[in-house]
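All remarks here apply to the structure that follows.
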Amino acid sequence: MGTQEGHTIYVIAHAAGLSAASVTPGTRLLQDIRMDGDDAVDFFKTFEKKFNVDLVRLWEHCITISLRRESSRGYRFADSKSRLSSRTL
């Protein structure tokens with residue numbers, strides 16, 4: 001295992017409260033270690049800083065998914081910055 005890969009596994013294991021031995025390159029955050037919601041957001045923020053990577057496309061994707069969920073629940077958004085304008089009953 002390469003140094004970068006080992007460091008990545010360590011960061012994931014530490015964030016999830018697991019031993020590094022229980023995390024592999026194929027470990028999935030949501031499905032295998034149940035990392036989601038605020039825990040996942042915190043993890044990706046830490047990951048960005050530790051590895052000096054730009055995850056802006058990931059954040060854009062997450063926002064898009066969130067907006068779709070809210071829209072399907074009857075929320076309308078006032079503008080592209082996603083301010084909630086009203087709820088349709």
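For the stretch 9-54, how big is the tail of P(r) above 17 Å, as a whole percent of Cα pairs?
When all Cα pairs of the stretch 9-54 are counted, 28 percent exceed 17 Å.
Tell me, what ³J(HN,Hα) does each residue in the stretch 4-21 have, in order and in whole Hz, if you take phi through Karplus 6.51 cos²θ - 1.76 cosθ + 1.60 with θ = phi - 60° and put x for Gly and Pro?
With coefficients 6.51, -1.76 and 1.60, one gets 4, 5, x, 5, 4, 4, 4, 4, 5, 4, 4, 5, 8, x, 10, 7, 4, 5 Hz.
Each value in this text was obtained by applying a stated rule to the coordinates, not by laboratory testing. Values in this document were obtained by computation on a predicted structure and should not be read as measured data.
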